[in-house]
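Read the structure below first, then the notes.
The values are calculated or read from the model by the stated rules, or taken from the named source; none is laboratory data. Because the structure is predicted, anything quoted here is derived from the model rather than measured. Note: ideal-geometry Cβ built from the backbone for every residue, glycine included; neighbour counts use all protein chains shown.
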Amino acid sequence: MTFADPLAANTPDPVKDGSDAEFMTDVVEASKVQPVIVDFWAPWCGPCRTLTPAIEKAVRAAKGKVKLVKIDVDANPAFAGQLRVQSIPTVYAFKDGQPVDGFQGAIPESQITAFIERLTGESSGPSDLDQILAMGEESLSLNDLGGAAQAFAQALQLDPKNEKAIAGMARVYLADGDADQARQTIAMAPDPSKEPLVNSVRAQLSLSAGAPVALTSEQEAKVAADPGDHQARFDLALALAAAGQLEPAVDHLLKIVAADRDWNEQAARKQLLTIFEAAGPNAEIARDGRRRLSSILFA
């Protein structure tokens, strides 16, 4: 005779259907205790019928390390709109009350598992390719551009389509001041790409080309004279970002969002997301900026 495990019977299901009314409780507050994945879907969405069961399976396999909240965007459009969900399926990961990672579209189960592993901080041992990429990242962090280029080139020999290696080589060129070569290199990666490092390089290139004019003291004086001139403040932020001064650029853009989040079709918020992407998902300026932006949007 087989008996049911009473502990298993009392284990709550980590998967639930969510709503706009319960979003703050089920997602934002709950993510302060453990990571929460939010799956934005709709009944008519074909890829959702593939992705959602795969995420449910992976979340349950994680055995309580992460929760999944499914949001039907047709019935619950509010937070999907605030998070700028423009296509479905879209998945966000929340941790400590803030969105920290995400992707769009159906992806393979292996990538879903890797996504959860990043979120929970658990993964299997590194492969040879992973170790080479790590060497490249370490060299780049030490400004050893020659060592970084050698490591990323070796990674590309092992896997010519590896997006982390492509992004690594492009970042070497950027660090060396060769934006044209960086642009040619990053073009080797798919567009659009699901790799954050690829999108970071593309965002950096966008920032360097996005300022209408070079940074000048006159711009700062214009904003100081009229703090409510959002266009002047926005232009100043663009110039600061293009000059690599991301922190003050973020400060100015957040001031615009706080004053009028819908100004110029949410141009300030969109530019903030570009800066966060350029800085990289693990950069402190991106983490702090997202927290500050969320506090404004969810206030």
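With the requirement that a residue be more than 22 Å from the chain's Cα centre (by Cα) and among the charged types (D, E, K, R), what does segment 24-61 give you?
Residues satisfying the conditions are R49, K57, R60.
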- [ ] Could you identify the single residue in R202, R233, R290 that is under 23 Å from F94 (Cα atoms), surrounded by 14 or more Cβ atoms within 10 Å (Cβ to Cβ) and among the basic types (K, R)?
- [x] R290
Task: Residue check for R261: touching a residue at least 24 places away in the same chain (Cβ under 8 Å) and either within 18 Å of D96 (Cα to Cα) or small (G, A, S) (or both) - done: no
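Rundown of residues vs (1) crowded, with 20+ Cβ neighbours inside 10 Å; (2) touching a residue at least 12 places away in the same chain (Cβ under 8 Å), yes/no style:
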residue	(1), (2)
A80	yes, yes
I107	no, yes
D128	no, yes
Q131	no, no
A134	no, no
S139	yes, yes
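Being buried (at least 17 other Cβ atoms within 10 Å of the Cβ), under 29 Å from R118 (Cα atoms) and modelled with pLDDT of 95 or more is true for just one of L254, L273. Which residue is that? Please lay out each step first, then the result.
Values: L273 fails: modelled with pLDDT of 95 or more.
Of the residues listed, the single one that is buried (at least 17 other Cβ atoms within 10 Å of the Cβ), under 29 Å from R118 (Cα atoms) and modelled with pLDDT of 95 or more is L254.
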- [ ] With respect to A279, determine if the residue is without any contact (Cβ under 8 Å) to a residue 60 or more places away in the chain and either on the phi > 0 side of the Ramachandran plot or small (G, A, S) (or both).
- [x] no
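Could you tell me whether any residue of segment 13-23 is modelled with pLDDT under 90, exposed (fewer than 14 other Cβ atoms within 10 Å of the Cβ) and over 29 Å from E163 (Cβ atoms)?
Here is the first cut: in segment 13-23, the ones modelled with pLDDT under 90 are 13.
Now narrow it down to the ones that are exposed (fewer than 14 other Cβ atoms within 10 Å of the Cβ): 13.
Subset that is over 29 Å from E163 (Cβ atoms): 13.
Yes - at least one qualifying residue is present in segment 13-23.
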